[in-house]
Amino acid sequence: MSKLARDDEENLIASSQQGDVQAFNQLVLRYQPIPFGAVFRLLGDYDTAADVTQDAFLAAYRGIATYRGGSSFRAWLLRIGSNMACDYWRRVQRHPSDSLDALTDVDEPQSAEVLNALATSNTEDNPEERLLSQELQELIQRGIQRLPLDQRVAIVLCDIEGLSYEEVAAATQTTLGTVRSRIARGREKLRTYLYQYRELLPRDYRLSTKTSDN
């Protein structure tokens with residue numbers, strides 16, 4: 001973000017904290033796609049995601065006086081949106097919490113790059129490629145939906161939305177070690193799931209989805 005854009009954002013936030021609804025509406029117009037995308041990834045339903053995102057912005061407006069700029073405004077909105085998505089999911093699904101093992105020291109630097117590249121891969125103006133891209137997007141979404149909720153949140157915030165491990169820990173109010181464990185587990189499950197449909201993956205990523213016993 002440029003300095004001019006950052007200054008403009010800070011002015012809008014300051015005005016919103018003074019009760020300026022129009023200033024907050026400008027923030028909504030600017031940032032609405034960000035929490036919506038995360039909420040949709042977490043819940044998997046467009047209409048539900050739209051409702052939860054609207055509630056998240058209402059919560060953000062009521063709580064904007066508490067925003068102190070310790071993290072980016074984008075990360076702050078993602079925290080609110082993801083927390084409200086989790087609250088909604090727990091209310092309707094009674095999803096069991098996934099137990100966590102001790103923190104693994106094995107880093108997977110390529111995993112985040114692969115998932116992010118798959119989720120945002122561009123296609124040329126080719127109808128067949130666009131169809132394959134759409135199928136791939138739907139496949140990734142189905143894979144994310146199969147994850148336990150805590151792993152799903154960590155994967156979406158880190159690998160899709162690009163938050164750091166520290167920002168994910170702050171957003172989920174948990175420890176850095178727990179975040180690392182959830183992301184490692186979630187990535188492994190996604191790799192195993194995607195490998196079943198490896199013919200849809202771009203050629204450069206097909207081998208990287210193999211599990212360790214293949």
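Every read-out reported here was derived from the displayed coordinates using simple, explicitly stated rules and does not represent laboratory data. Remember, it's a predicted structure, so these values are computed and weren't measured experimentally. Counting neighbours? That spans all protein chains shown, and the Cβs are built from the backbone with ideal geometry, glycine included.
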Residues other than I160 with Cβ under 11 Å of its Cβ, Lys/Arg counted +1 and Asp/Glu -1, net out at 0
Let me know the whole percent of all Cα-Cα pairs from the range 17-83 that are separated by more than 14 Å.
-> 54 percent
Neighbour net charge for D51 - beta-carbon separation under 14 angstrom, K R +1, D E -1 | -3
Cβ crowding within 10 Å averaged over residues, with 34-44, 18-28, 157-167 ranked highest first | 34-44, 157-167, 18-28
Please work out the Kirkwood hydrodynamic radius for the range 1-49, using every pair of different C-alpha atoms, and report it in angstroms with one decimal place.
-> 12.1 Å
Using 0.36 nm per residue, how much length does the chain from S15 to S164 gain when fully extended, once their Cα-Cα distance is taken away?
-> 50.8 nm
